[in-house]
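K.L.:
My questions all concern the structure below.
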Amino acid sequence: MSLVSYQCFRIGAGVLALMGAAHLAGHLGGRTKPLNGTEDQLRMLMETYRTNVMGSMRSTQELYDGFSLAFAVFSIGLGALAFTVPPQKKTAIVFAAMLAALTGVSMMYWFILPTAFLAGAALLFGASALLDR
C-alpha cells in the first residue's frame, strides 16, 4: 500500500471516530428548548406516547435516543476498527461501499453535517482503495 493510500485510510478512520464523538457530544449535550407550542406538544407526545414494540412498551423518544447512541457507538467503533486493522484494498472497498450507502441514506433523511462526515469518509476510503497498487 502506498503512503498516500495508507494516509487516506487512516484519515478516513479518524473522520469516522470524530463523527461518532461529535454525535455523542450532541446527544449528551441535552435537548434544546422548544421554539413554540407546537414543538412543545410534539416533544411531549414523543416522550409520553408509548407503543408496543415486540412486547416492550417504548416511546418514540426512547427509540430516537437509542438509535442516536447506537449511531455514535458504531461510528466510534468502526473508526477504531479502521485504526487497528492493517490497511488493505479489500478493507478500504468495504468501508467505502458501506459509507457510500450511508451517505445516500443521510442525503434522504438527515441533514448536512452527518452527510458531510459520511461522504468525506467514503471518499477517503475510496481514494485509499483506488490509490493502492
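Nothing in this text is a laboratory measurement; each read-out follows from the coordinates by a stated rule. Since this is a predicted model, take the numbers as computed values, not measurements. Virtual Cβ from ideal backbone geometry, glycine too; neighbours counted across all protein chains shown.
K.L.:
If you plug each phi of segment 113-119 into the Karplus form 6.51 cos²θ - 1.76 cosθ + 1.60 with θ = phi - 60°, what whole-Hz ³J(HN,Hα) values come out, in order, with x for Gly and Pro?
P.N.:
Residue by residue, segment 113-119 yields 5, x, 4, 5, 4, 5, 5 Hz.
K.L.:
Further, regarding this structure: So how do Lys89, Lys33 line up by other beta-carbon neighbours within 10 Å, fewest first?
P.N.:
Listed from fewest to most nearby Cβ atoms, that is Lys33, Lys89.
K.L.:
What spacing in nm lies between the two simple spin-label points modelled at Lys90 and Val73, each 7 Å away from Cα in the Cβ direction?
P.N.:
About 2.9 nm, to one decimal.
K.L.:
Using r as the Cβ-Cβ distance of Tyr109 and Leu18, and R0 as 22 Å, what FRET efficiency do you calculate, to the nearest 0.05?
P.N.:
Once the sixth-power term is evaluated, E becomes 0.55.
K.L.:
Here's a follow-up. Name the trypsin sites (Lys or Arg not before Pro) in segment 1-70 that are in a loop by DSSP and that have at most 12 other C-beta atoms within 10 Å, would you?
P.N.:
The qualifying sites are Arg31.
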